[in-house]
1. Among the residues of region 266-317, which ones are crowded, with 16+ Cβ neighbours inside 10 Å and within 16 Å of ligand 2 (Cβ to nearest atom)?
2. Tell me which helices (runs of 4 or more DSSP H) are completely within region 322-433 and hold 2 or more residues being within 16 Å of ligand 2 (Cβ to nearest atom), modelled with pLDDT of 90 or more and polar (S, T, N, Q), or say none if there are none.
3. Quick check, is Ser449 over 36 Å from the mean Cα position of the chain (by Cα) and on the phi < 0 side of the Ramachandran plot?
4. If the Cβ limit is 6 Å and pairs must be 6+ apart or interchain, which residue in region 343-371 that is under 21 Å from Ala434 (Cα atoms) pairs with which residue that is aromatic (Phe, Trp, Tyr) and modelled with pLDDT under 90?
5. Kindly indicate the residue of region 356-373 that is within 16 Å of ligand 1 (Cβ to nearest atom), surrounded by fewer than 20 Cβ atoms within 10 Å (Cβ to Cβ) and not hydroxyl-bearing (Ser, Thr, Tyr) and also nearest to Ala476 (Cα to Cα) among those meeting that condition.
6. Quick one: is Leu76 part of a helix (DSSP H, G or I), surrounded by fewer than 14 Cβ atoms within 10 Å (Cβ to Cβ) and under 37 Å from the mean Cα position of the chain (by Cα)?
7. Quick one: which of Val316, Val346 is closer than 17 Å to Asp445 by Cβ and either of a type outside the set (Phe, Trp, Tyr) or more than 14 Å from ligand 1 (Cβ to nearest atom) (or both)?
8. Specify which of the listed residues (Asp206, Asp260) is in contact with a Lys or Arg (Cβ under 7 Å, 6 or more places away or on another chain) and among the acidic types (Asp, Glu).
Amino acid sequence: MCQVSYRQPESLARSLKCIYFYFKCIFKMRTSFLENILNQDIEWFDRNHSGDFTTIFTQNISKIEDGIGEKIGLFLYSIAWFLTGIIISLYEGWKLALVAMVSLPLSTILILIITKIAAKFSKGEMEAYQDAGAIAQEVFGSIKTVVAFNGQDKECKIYEDHLVHAERNNVLRCIFNSTNNFFLWFSMFACYSLTYWCGIHLIIGDRDLPSEERVYTPSSLVTIFFATLGATWYFGLAAPLLEVFATARTAAQKVFFILDSKPKINTIKEKGRKLYRFQNCIRFDEVYFSYPTRSELKVLWGFDLQINIGETVALVGSSGCGKSTCIQLLQRFYDPTLGRITIDDVDIKDMSLKWLREKIAVVSQEPALFTTTVAENIRFGKEGAPQEEIETAARKARVHEFILTLPNGYETVIGERGGQLSGGQKQKLAIARALIRRPQILLLDEATSALDTSSESEVQAALDSISGECTTIIVAHRLSTIRNAKKIVYISEGRVSEIGSHAELMAKKGAYFKLVNSQGLMDTKPFSQIQKIMR
Ligand SMILES: Nc1ncnc2c1ncn2[C@@H]1O[C@H](COP(=O)(O)OP(=O)(O)O)[C@@H](O)[C@H]1O
Ligand SMILES: [Mg+2]
């Protein structure tokens with residue numbers, strides 16, 4: 001009794017410790033999973049479907065949870081009882097014990113085979129759910145497009161197809177498991193009958209021996225019977241757990257593939273040089289680049305360009321000529337295949353990545369806003385920025401007045417991805433978020449091209465007022481957006497084909513001249529007049 005009361009708190013403490021480590025392990029896995037994904041290089045996102053991550057995050061991790069939870073304890077406990085039962089029955093009478101256990105090797109082989117097959121089905125099931133989850137996520141992300149194109153039925157059908165695949169795998173897995181259980185229990189009960197039959201024969205055989213030489217008596221038959229009964233019972237309990245472990249193992253493969261992926265660019269985020277201020281120029285020095293996922297496509301091929309600090313430069317050219325690629329290379333989303341990009345003669349590869357990105361702000365065509373307050377959305381540009389700075393940035397982006405008309409002003413929560421705002425309002429918030437960083441380099445990638453003419457001119461006015469404060473690189477197709485650019489760079493076939501002011505390029509009558517004409521603007525008018533038309 002004393003021993004029991006001594007052991008109980010000890011085992012309780014051990015269980016609590018196990019539970020604590022179990023939760024710690026799952027917590028660590030979940031946080032590392034997200035952290036690891038967020039720190040991957042952009043190339044990695046090109047290769048992996050981001051929609052899959054949510055399903056892996058929820059489904060796979062809970063399958064691992066299942067496999068490493070109390071089931072491990074239950075498995076070890078069952079195996080311990082199984083071994084104890086076997087040892088006792090072998091000790092009591094090995095001949096009868098072997099008869100009682102005759103089905104065990106067969107059951108073990110059967111269980112191993114079926115577990116392997118079931119694991120294959122559960123992998124198929126998980127992958128199908130993963131694909132279905134990715135589709136649902138994509139549909140929710142583009143709900144307006146889906147509704148506008150009456151695509152609900154089509155999307156439901158695609159989703160259903162994946163679910164059917166998952167369901168088929170699930171049914172097959174269950175059939176295999178039930179067959180497994182059927183054979184297991186059938187062979188166990190068959191063995192019990194055989195044990196009784198043989199036991200009675202052995203008792204009769206031993207009946208004429210002197211009592212001290214008798215091995216098989218009614219009492220030894222009962223002991224062997226119940227010991228093997230217990231052993232096989234616990235074996236039956238432990239066997240299905242193997243399937244849970246196999247599923248957890250399959251689920252873990254995907255999770256650990258992500259946890260083990262090491263980024264090439266982002267790993268050394270903090271290390272590297274930090275300049276005080278950019279002073280001279282940004283240089284693309286004979287840059288050759290192909291996207292890692294499409295290495296056959298030569299995007300930049302001997303791209304050479306110098307942008308002086310403080311300048312406003314426009315990159316123009318036909319769609320797909322590599323304008324956005326230049327901007328992404330400057331942010332070090334990718335590294336050039338050959339050549340280098342320098343700022344003040346320092347290769348950006350040698351700079352601290354975190355520091356470099358802090359000095360750059362980007363406004364792209366589709367502003368990405370988060371489901372939080374207006375203030376928090378702007379603050380995303382500068383962690384911990386006080387309210388005054390947020391308001392100054394909003395004023396510069398000409399969105400302050402609008403924010404004040406919202407029900408809770410800066411504390412108004414905007415809908416998912418800013419769904420409750422107009423395109424122009426979203427874009428101005430994105431500009432405010434870019435401005436709050438006080439960037440040294442401002443990158444505008446088709447920042448106004450998705451807007452209607454009146455919103456465009458408002459957003460453009462906001463951009464014009466700030467472009468003088470930093471080095472600005474504008475990617476645009478419409479001439480109205482580049483009216484402030486002193487230098488216009490026409491990109492063609494992966495390199496700079498024309499460079500100069502608007503007037504110089506118009507006089508050249510080359511590709512830029514054609515681009516201007518294709519937009520219905522007369523080359524005979526001076527640029528100032530074109531600007532007026534555009535305003
Ligand atoms: N992440 C990517 N992976 C593979 N190819 C890409 C990727 N992004 C763009 N491309 C391809 O690279 C070329 C240049 O793209 P981009 O720089 O975006 O053109 P644009 O001048 O219109 O901004 C295009 O042919 C495009 O299809
Ligand atoms: Mg582009």
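1. Hits for region 266-317 are Phe289, Tyr291, Val299, Leu300, Phe303, Val313, Ala314, Leu315, Val316, Gly317.
2. 323-330
3. No: the conditions fail for Ser449.
4. As it stands, the answer is Ile343/Phe278, since those pairs meet every condition given.
5. It comes out as Gln365.
6. Taking the combined requirement at face value, the residue satisfies it.
7. Just one listed residue meets the conditions, Val316.
8. Asp206
The values are calculated or read from the model by the stated rules, or taken from the named source; none is laboratory data. In this text, all values refer to a predicted model and were calculated from it rather than measured experimentally. Please note: Cβ atoms are built from the backbone with ideal geometry, for glycine as well, and neighbour counts cover all protein chains shown.
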